[in-house]
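For reference, the structure is listed below as structure tokens.
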Amino acid sequence: MENLKSLLSVYGVQLKKQFGQNFLTDESLLSRIVEKAGVNEFTTVLEIGCGAGTLTSQIAKKAKKVIGYEIDTRLKPVLEKTVGDKKNVEIVFKDVMKEKLADLESKLGDDYVMVANLPYYITTPIVMRFLEQSTKIKGLVIMIQEEVAQRFCAKPSSTDYGAITVGINLRGSASVIEYVPRQMFTPPPNVDSAVIKIDVEKNKFLGADLEKVREVVKAGFSSRRKMLVNNLMNFFKMDRATAESRLTEAGVKLTSRAENLSASDFVALTNAIFNG
Ligand code: SAM
């Protein structure tokens, strides 16, 4: 898009692949992302990776407040130009992965949403960090690689279903909102993308020890092609009879593989293993 290119060239910014700098300019796509996130005048939004501020300014039109993180300080004058006059926007020039969650959330309140076109090289660590550690985030609407989107949103017993999918389902549910071809980005990346929505259910599996459940998920998927019973025996140093009785207690078939289990099956199995 010409405007974006000329804006970046005015400030001498050449986009860097290593920061995942593939920018969006299509206003109707950007406003659909904000709309799908349900942003309104009461919503505080965390945006990770503001880039040239194209998504930031669409969010700012609807939200109460936007806190954006951007690692690349070369984009400071660009963002000053595009969103500097928006009173409800605050941009922090830091690597979001190095910011403590408590510091980051101190400005966000108890019920915030993440809206972002995420840098692809850290998509999974960002998403899992918020889902595993935050008790305040209530939803995410994010642009990610299509292949990763399919893994995040997969159904049990499908090839894309894995430990990450279960990790997401332990906190909520994910669905694809829209597929986005690579040509929509400046510059176009080597892969297509998708916008997904993750609704966080704050009381899902209330009372379950999710750290232990994640350990069982890790055990279950430690060797994907093996039956769950064998993975449990190896990981938890159990004999076969014990592993089988834990599976039976949890109502899981003895011939199952990890990919056949839903998040709630994993919670039941964790209870059987640790409290059985
Ligand atoms: N939001 C913009 C858009 O949609 O056009 C830019 C999206 S671009 C895919 C990702 C942005 O994240 C880039 O601006 C990049 O510099 C920034 N970024 C990369 N790693 C980051 C990190 N660790 N912390 C904060 N921002 C980061």
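We did not get these values from a lab; they are worked out from the coordinates using the rules stated. Quantities reported herein were computed from a predicted structural model and do not represent experimental measurements. FYI the Cβ positions are ideal-geometry reconstructions off the backbone, even for glycines, and counts take in every protein chain you see.
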For a quick protection proxy, order the peptides 96-103, 139-146, 29-36 by their average other-Cβ count within 10 Å, most packed first. 139-146, 29-36, 96-103
What nm distance separates the two modelled labels at D85 and S173, each placed 7 Å from Cα along Cα→Cβ? 4.4 nm
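Between their Cα atoms, which of K62/K94; K62/K218; K62/K138; K136/K253 are more than 29 Å away from each other? Don't skip to the answer; put the middle values down first.
On the way: K62/K94 25 Å; K62/K218 40 Å; K62/K138 17 Å; K136/K253 36 Å.
Listed pairs above 29 Å: K62/K218; K136/K253.
Give me the percent relative contact order of the chain, please, defined on Cα pairs under 8 angstrom at least 6 residues apart.
With pairs under 8 Å counted, the relative contact order is 15 percent.
What is the Cα convex hull volume of the stretch 210-275 when expressed per residue in Å³? Please list the in-between numbers first.
Numbers: hull volume 4.6 nm³, N = 66.
Per-residue hull volume (Cα only) is 69 Å³.
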Two-site FRET efficiency, N3 against S158, from Cβ-Cβ distance with R₀ of 35 Å, rounded to 0.05: 0.25
Straight distance only, please: which lysines reach the Cα of K155 with their own Cα at less than 17 Å, same-chain residues fewer than 8 apart left out? K197
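Among 267-273, 241-247, 53-59, 8-14, how do they line up from the highest to the lowest mean number of other beta-carbon atoms within 10 Å? Display every interim value, and only then the final one.
On the way: 267-273: 22.1, 241-247: 17.7, 53-59: 24.9, 8-14: 12.6.
Packing proxy ranking, top to bottom: 53-59, 267-273, 241-247, 8-14.
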Give me the distance in nm between label points sitting 7 Å out from Cα along the Cα-to-Cβ direction at E215 and V92, one decimal. 3.1 nm
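May I ask you to give the average projected area over all directions of the convex hull of the Cα atoms of the chain, in nm² rounded to one decimal? Before the final figure, lay out the partial values.
On the way: hull surface 59.5 nm².
Mean shadow area of the hull around the Cα atoms is 14.9 nm².
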Using the Karplus curve 6.51 cos²θ - 1.76 cosθ + 1.60 with θ = phi - 60°, what ³J(HN,Hα) values do you get for each residue of the stretch 182-196, in whole Hz, with x for Gly and Pro? 4, 5, 6, 9, 10, x, x, x, 8, 9, 7, 10, 8, 8, 10
With -39,500 (n - 2.57) per DSSP H segment of 4 or more residues and division by the full residue count of the chain, the 222 nm estimate, nearest 500 deg cm²/dmol, is -11000 deg cm²/dmol
